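Each value in this text was obtained by applying a stated rule to the coordinates, not by laboratory testing. The model shown is predicted, which means the values in this text are computed figures rather than measured ones. FYI the Cβ positions are ideal-geometry reconstructions off the backbone, even for glycines, and counts take in every protein chain you see.
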Amino acid sequence: MDELAERPCEACRADVPKLTPLQCEALLDQLPQWRLIEVNGVKQLTRIYLYSGFLDAMAQAEKVAEIAQQENHHPALLVEWGRLTVTWWTHKIKGLHENDFVMAARTERLFTP
C-alpha cells in the first residue's frame with residue numbers, strides 16, 4: 001500500500017481510458033479493506049470506516065478532504081453517526097483510474113498506524 005500511496009496523482013483528461021477489470025483487481029490487492037462497487041454503471045472504489053460518534057467521523061472526513069484538495073481529486077464522503085464512507089472514482093472518465101487507487105491508499109495511510 002505504501003508504494004501505491006507514493007505514486008503521483010496525475011491530472012486526468014476525459015479521453016484517458018478506464019482501468020480494465022484485471023488492472024483494478026491487481027491494484028485492489030494492495031487495498032484489502034476496499035471494495036469495488038458500481039453505481040449507475042460507474043465503477044467506484046469504496047471503504048467504510050467506523051468511529052465512536054458523529055464528530056469523530058466528521059473529523060476524519062476533514063482529513064480526507066484536505067488530501068483531496070491538495071491533489072484536486074475529490075471523493076464522495078458520507079458522514080453518519082459513527083461511520084465515514086469514502087468513495088473514489090474519476091468523474092471525467094466515469095470510472096476508475098489509477099489516481100483513485102492512489103488516493104484510496106493515501107486515505108488508508110491517514111487512518112492506519
Q) Could you give the nm distance between label points at Gln69 and Ala26, where each point is 7 Å from its Cα heading toward the beta carbon? A) 3.5 nm
Q.
For a quick check, take a GNM of the chain with Cα springs below 10 Å and name the residue from Leu96, Leu22, Leu78 with the largest mean-square fluctuation.
A. Leu22
Q) For q = 0.14, 0.26, 0.33 Å⁻¹, what log10 I(q)/I(0) does region 12-54 give under the Debye formula with an equal point scatterer on each alpha carbon and no solvent? A) -0.45, -1.03, -1.19
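Sorting check: for 97-107, 5-15, which peptide has the highest mean count of neighbouring beta carbons within 10 Å, and how do the rest follow? Each step should come with its number before you reach the end.
Values: 97-107: 23.2, 5-15: 12.5.
Most protected by this proxy first, the peptides run 97-107, 5-15.
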(Q) Taking the alpha-carbon distance from Lys94 and a cut-off under 21 Å, which lysines remain once sequence neighbours fewer than 8 residues away in the same chain are dropped? (A) Lys18, Lys43
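Using Cβ counts within 10 Å as a stand-in for footprinting exposure, how do Val86, Val39 rank, fewest first? Walk me through the intermediate numbers first.
Values: Val86 24, Val39 11.
Fewest-to-most ranking of Val86, Val39: Val39, Val86.
Given region 29-111, what whole percent of its Cα pairs are spread farther than 21 Å?
On the way: 820 of 3403 pairs.
Across region 29-111, Cα pairs with separations above 21 Å total 24 percent.
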Q.
Suppose the chain between Leu50 and Lys92 were pulled fully straight at 0.36 nm per residue; how much longer would it get relative to their current alpha carbon spacing?
A. 12.1 nm
Q) Applying 1/(1 + (r/R0)^6) with R0 = 35 Å to the Cβ-Cβ distance of Glu3 and Trp81, what FRET efficiency is obtained, to the nearest 0.05? A) 0.50
